[in-house]
Amino acid sequence: VQGKGVAALRQHGIVVEVGIEESAAKALNYGFFSRMQRQKPYVRAKMAMSLDGRTAMASKESQWITSEGARQDVQHWRGLSGAIITTAATVHHDNCRLTVRKGTPLFQPLRVVIATQGNVSPTAAIFQQPGKTLVALSANKIPKHSEFSYIALPEKENHIDINALFTYLAKEEQINEILIEAGPTFLGGLLKENVIDELLVYIAPKLLGQEAIPLAYLAPIASLKDCLQGELIACDKIGADCRLILKMNDFGKH
Ligand SMILES: NC(=O)c1ccc[n+]([C@@H]2O[C@H](COP(=O)([O-])OP(=O)(O)OC[C@H]3O[C@@H](n4cnc5c(N)ncnc54)[C@H](OP(=O)(O)O)[C@@H]3O)[C@@H](O)[C@H]2O)c1
């Protein structure tokens, strides 16, 4: 990454060519480059939504908006990830497991549940799965006794500082790629912080109506010129749904 490996090989008389298939090589290694160059993992956020951009019913019911095919596809992205981040709110509503269940996984990604106040039920399914689940809580809320493993982090605007979590995951857990699987409040917060590198959006050919919950809660945007803009990288039919891949910043662009 810093050219030292190339220099060492050349010093030993080995001919090294650089730059061959550079963009394809980068695409295979976004996570590694991100951790080496930015000291944070590559952050991918997944959302499933309806044609009218809704991610759950007003009752918070969201299982399942998309087809079995799309859910199988998510398994692929989980398998690529070193960690999956969710929130106590999503754990509470969905009792999700967030495990890789496709094929014979060599390891389970680290599961991280954000619960700034430490309020999450240790009996939730996510804590009963193979592999490790870590609760990310505020350093001001360290529990006296805890029934779960946790990492204590500084706060920023009443939530754990997400960049501190990313730094921890890169430095202490050597995580290259993260998959975020949470709801519209967290996604809105992450978009506001501009920390998402890539959005993976599954669109089901369904209309859920305006009472249903949107893709992300964002502060009002008055003018089109102020909108959040992604770059569409891929658009594919997966099962009965459509999968969009969007780059949200310049890092790792093809
Ligand atoms: N369609 C999908 O793909 C999908 C995926 C997952 C969930 N869901 C649905 O989403 C719903 C849950 O969504 P939700 O909006 O209630 O919860 P959420 O977005 O999963 O989580 C909200 C929590 O995120 C935490 N948070 C941390 N940093 C934040 C920041 N910077 N800004 C805002 N929040 C931050 C806050 O908890 P702290 O106070 O602990 O920081 C907040 O209460 C459920 O209905 C679930 O079924 C849908």
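The values are calculated or read from the model by the stated rules, or taken from the named source; none is laboratory data. This is a predicted model, so every value here is computed, not measured. Don't worry about glycine lacking a Cβ; one is built from the backbone with ideal geometry, like all the others, and counts go over all protein chains shown.
Quick one: residue 102 ticks every box in (1) of a type in the set (D, E, K, R); (2) touching a His at 6+ places or on another chain (Cβ under 9 Å); (3) touching a residue at least 40 places away in the same chain (Cβ under 8 Å) bar one, so which box is it?
If we test residue 102 against (1) of a type in the set (D, E, K, R); (2) touching a His at 6+ places or on another chain (Cβ under 9 Å); (3) touching a residue at least 40 places away in the same chain (Cβ under 8 Å), just (3) comes out false.
Check residue 26 against each of (1) in contact with a Gly (Cβ under 7 Å, 6 or more places away or on another chain); (2) under 28 Å from residue 188 (Cβ atoms) and name the one condition it does not meet.
For residue 26, the exception is condition (2).
As an exercise: evaluate residue 102 against (1) over 29 Å from residue 244 (Cβ atoms); (2) of a type in the set (Lys, Arg); (3) modelled with pLDDT under 95 and give the number of the one condition it does not meet.
With (1) over 29 Å from residue 244 (Cβ atoms); (2) of a type in the set (Lys, Arg); (3) modelled with pLDDT under 95 applied to residue 102, the lone miss is (1).
Can you list the strands (runs of 3 or more DSSP E) lying wholly within the range 176-254 that have 3 or more residues being touching a helix residue (DSSP H, G or I) at 6+ places or on another chain (Cβ under 8 Å)? If you could, list the steps in order and put the result at the bottom.
On the way: elements: 177-180, 198-204, 231-238, 241-247.
Where strands (runs of 3 or more DSSP E) fall fully within the range 176-254 and carry at least 3 residues being touching a helix residue (DSSP H, G or I) at 6+ places or on another chain (Cβ under 8 Å), they are 177-180, 198-204.
The rows are residues; the columns are (1) within 14 Å of the ligand (Cβ to nearest atom); (2) more than 29 Å from residue 57 (Cβ to Cβ); (3) in contact with a Phe, Trp or Tyr (Cβ under 9 Å, 6 or more places away or on another chain).
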residue: 90; (1), (2), (3): yes, no, yes
residue: 94; (1), (2), (3): yes, no, no
residue: 97; (1), (2), (3): yes, no, no
residue: 103; (1), (2), (3): no, yes, no
residue: 110; (1), (2), (3): no, yes, no
residue: 133; (1), (2), (3): no, no, yes
residue: 145; (1), (2), (3): no, yes, no
residue: 161; (1), (2), (3): yes, yes, no
residue: 170; (1), (2), (3): no, yes, no
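Regarding residue 86, is this residue touching a residue at least 24 places away in the same chain (Cβ under 8 Å), at negative phi, more than 15 Å from the ligand (Cβ to nearest atom) and of a type in the set (Val, Ile, Thr)?
Numbers: touching a residue at least 24 places away in the same chain (Cβ under 8 Å): yes; at negative phi: yes; more than 15 Å from the ligand (Cβ to nearest atom): no; of a type in the set (Val, Ile, Thr): yes.
So residue 86 fails the test.
Exactly one condition in (1) more than 15 Å from the ligand (Cβ to nearest atom); (2) touching a residue at least 24 places away in the same chain (Cβ under 8 Å) is not met by residue 225; state its number.
Here residue 225 clears every test but (2).
Exactly one condition in (1) among the basic types (Lys, Arg); (2) over 24 Å from residue 65 (Cα atoms); (3) without any contact (Cβ under 8 Å) to a residue 24 or more places away in the chain is not met by residue 237; state its number.
Single failed check for residue 237: (2).
Applying the selection to the range 128-153, what residues are hydrophobic (A, V, I, L, M, F, W, C) and surrounded by 18 or more Cβ atoms within 10 Å (Cβ to Cβ)? Talk me through it step by step, then tell me what you get.
Initial filter on the range 128-153 (hydrophobic (A, V, I, L, M, F, W, C)): 134-137, 139, 142, 148, 151-153.
The answer is 134, 135, 136, 137, 148, 153.
What is the residue count in the range 172-211 for residues that are within 10 Å of the ligand (Cβ to nearest atom) and touching a residue at least 60 places away in the same chain (Cβ under 8 Å)?
14
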